[in-house]
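Below is one structure, written out as structure tokens, with a few remarks after it.
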Amino acid sequence: MKFTIAASFLPPVQLRDIAVAADACGWTAMSFSDHVVHPETLDTPYPYTEDGSRRWEAFTDWPDPWVTIGALSSVTSRLRFNTNVFVLPMRNVFMAAKAVSTAAVLSGDRVTLTVGVGWSNVEFDLVGQDFRTRGKRTDEMIEVMRKLWTGEMVEHQGRFFDFDRLEMNPAPRARIPIWVGGISDPALRRAARLGDGWLTDLQTTAEIAERIDTLNGYRRECGRENEPFDIMATPSDAYDLDGYKRVEDLGVTHLMTMPWMLYHGDTQKLDERIDGVRRFADDVIAKLG
């Protein structure tokens, strides 16, 4: 089992110190969420709460994940960086591929890209991307980015993207893993068909088990059941070694958490957050990692 710090909602001024502490005490990765803006009014409900309301308040910080990863990679040596999730179809495919590959190169290939298709049509409209085709465009964008990341002359003729031979450099030295986030059936099918891994949302252990069973069925349909595949989960009912072991037995390879919550609750203090990072490393990672 590997362990990832969820950096959502943290003030940017705290990220450097938390990353340095995590790098020093055995955490595998640090993960960043993605929103460009916070619309005051939504046309579509947030899909991960029962009432459709968002889990955060207005004026929450949402630093750009790739700028953040580039900065934090310069003060760490082994910590990996992930997204949870990067809303890929809100972006131009070439600009997204360039940002991710540059972060991979500068970090020494310590980047995993986790993509989602998004849910806020308001944000899509603001950045000039089509909300209705976001799923199919995501599928093709993954194909295009993997071509671009080879650093070789490539071309592509598809439904949404059509270009003659070109190259994009610098190219990563190692393959950039692409995970797919989401708990819907289309997300599970996309992960099974195209992903190197899958990221679930905040769910119970039983719900995670159900989704993994479905995902494994789709992977068998695609003939990919024997390929390496990672699963990162955030169990809402596992808070100790026994709970984490049960999740691991389901096939979860990475567990994402905010460790300070276990020791100091919803603290805003940097020293208590760092204390949580270190204590979790001693209490859990040293025994399960």
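The values are calculated or read from the model by the stated rules, or taken from the named source; none is laboratory data. As the structure is a computational prediction, the values presented were derived from the model and not from experiment. Note that we place each Cβ from the backbone using ideal geometry, even for glycine, and neighbour counts take in every protein chain shown.
Worth a mention:
- Residues considered: Val36, Val13. Of these, the only one that is touching a helix residue (DSSP H, G or I) at 6+ places or on another chain (Cβ under 8 Å) and surrounded by fewer than 16 Cβ atoms within 10 Å (Cβ to Cβ) is Val36.
This table checks each residue for (1) assigned to a helix (DSSP H, G or I); (2) surrounded by fewer than 20 Cβ atoms within 10 Å (Cβ to Cβ); (3) touching a Cys at 6+ places or on another chain (Cβ under 6 Å); (4) touching a residue at least 40 places away in the same chain (Cβ under 8 Å).
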{"site": "Tyr218", "(1), (2), (3), (4)": "yes, yes, no, no"}
{"site": "Met232", "(1), (2), (3), (4)": "no, no, no, yes"}
{"site": "Asp237", "(1), (2), (3), (4)": "no, yes, no, no"}
{"site": "Asp242", "(1), (2), (3), (4)": "yes, yes, no, no"}
{"site": "Met261", "(1), (2), (3), (4)": "yes, yes, no, no"}
{"site": "Thr267", "(1), (2), (3), (4)": "no, yes, no, no"}
{"site": "Glu272", "(1), (2), (3), (4)": "yes, yes, no, no"}
{"site": "Asp275", "(1), (2), (3), (4)": "yes, yes, no, no"}
{"site": "Phe280", "(1), (2), (3), (4)": "yes, no, no, yes"}
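- From the options Val180, Val127, Val122, residue that is under 26 Å from Glu227 (Cβ atoms) and hydrophobic (A, V, I, L, M, F, W, C): Val180
- Close Cβ contacts (under 8 Å, 6 or more residues apart or on different chains) running from residues in segment 97-111 that are touching a residue at least 12 places away in the same chain (Cβ under 8 Å) and farther than 17 Å from Glu152 by Cα to residues that are among the charged types (D, E, K, R) and in a strand (DSSP E or B) comprise Arg110/Arg80; Val111/Arg80.
- Residues of segment 213-270 classified as farther than 27 Å from Asp196 by Cβ and of a type in the set (A, V, I, L, M, F, W, C), total: 5
- Residue count, segment 220-230 (criterion: under 24 Å from Thr28 (Cα atoms) and either surrounded by 14 or more Cβ atoms within 10 Å (Cβ to Cβ) or in contact (Cβ under 8 Å) with a residue 24 or more places away in the chain (or both)): 3
- In the set (1) within 20 Å of Ala7 (Cβ to Cβ); (2) modelled with pLDDT of 95 or more; (3) surrounded by fewer than 20 Cβ atoms within 10 Å (Cβ to Cβ), Gly128 fails one condition alone, (1).
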